[in-house]
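To start, the structure under review is shown below, and the notes come after it.
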Amino acid sequence: MKIILKQDIQSLGFANDVVEVKNGYARNYLIPQGLAVAATSSALKVHQENMRQQAHKAEKMLDEAKSLAERIGGVKIKIGAKVGESGKIFGSINTVMIAEALAGEGITVERRRLKLADESIREVGTYKASALLHKEVSADFEFEVVAE
């Protein structure tokens, strides 16, 4: 079944994408939750008209995402954590902490848009992460975990 997404869905696509999903997933979850609408011929015509009108706005958002990606690539992020004698962190570093560290540098990125290269960060050191800023733009950056 073809549907038009109303919101970004991580494993499926971005808002305003037309995607093919299984009938049950669309009818029982996506459409009742308001995450998508069925891609009928009339809905597709309305969608195309809306997309045409939003083309200029989308171009502006893409430029902003590219400039933000350049800013993220050039920033040095340090995250302080409590460390034991063996060099291991109490707990682990997650995307919330990285988003807060970026906000401290004046860069606002939702934590859901951040991905860590390593599954769990439990030691002091330098690590890599990426930020999905736009469906066409992602920024890879390094951050350092230091002892407090």
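Taking the stated definitions as given, is Ser67 part of a helix (DSSP H, G or I), free of Cβ contacts under 8 Å to residues at least 40 places away in the same chain and farther than 29 Å from Met1 by Cα? Answer is yes for this residue.
So that you can scan it fast, the table gives a plain yes or no per residue for (1) more than 27 Å from Ile9 (Cβ to Cβ); (2) under 16 Å from the mean Cα position of the chain (by Cα); (3) surrounded by fewer than 12 Cβ atoms within 10 Å (Cβ to Cβ); (4) of a type outside the set (Phe, Trp, Tyr):
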residue	(1), (2), (3), (4)
Lys66	no, yes, no, yes
Ile72	no, yes, no, yes
Gly84	yes, no, yes, yes
Gly87	yes, no, yes, yes
Ser92	no, no, no, yes
Thr108	no, yes, yes, yes
Arg113	no, yes, no, yes
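Please determine whether any residue of region 136-144 is in contact with a Lys or Arg (Cβ under 6 Å, 6 or more places away or on another chain) and farther than 26 Å from Asp63 by Cα. Checking region 136-144: at least one residue is in contact with a Lys or Arg (Cβ under 6 Å, 6 or more places away or on another chain) and farther than 26 Å from Asp63 by Cα. Reported count of residues in region 49-64, each being free of Cβ contacts under 8 Å to residues at least 60 places away in the same chain and surrounded by 11 or more Cβ atoms within 10 Å (Cβ to Cβ), is 6.
In the set (1) modelled with pLDDT of 90 or more; (2) over 17 Å from the mean Cα position of the chain (by Cα); (3) closer than 30 Å to Ala58 by Cβ, Tyr127 fails one condition alone, (3).
Give me the residue from region 130-148 that is over 30 Å from Asp17 (Cβ atoms) and within 18 Å of the chain's Cα centre (by Cα) and, out of that set, surrounded by the fewest Cβ atoms within 10 Å (Cβ to Cβ). Among them, the one singled out is Glu142.
The values are calculated or read from the model by the stated rules, or taken from the named source; none is laboratory data. This structure is a prediction, so every number in the text was calculated from the model and none was measured. Glycine also receives a Cβ, built like all others from the backbone with ideal geometry; neighbour counts cover every protein chain displayed.
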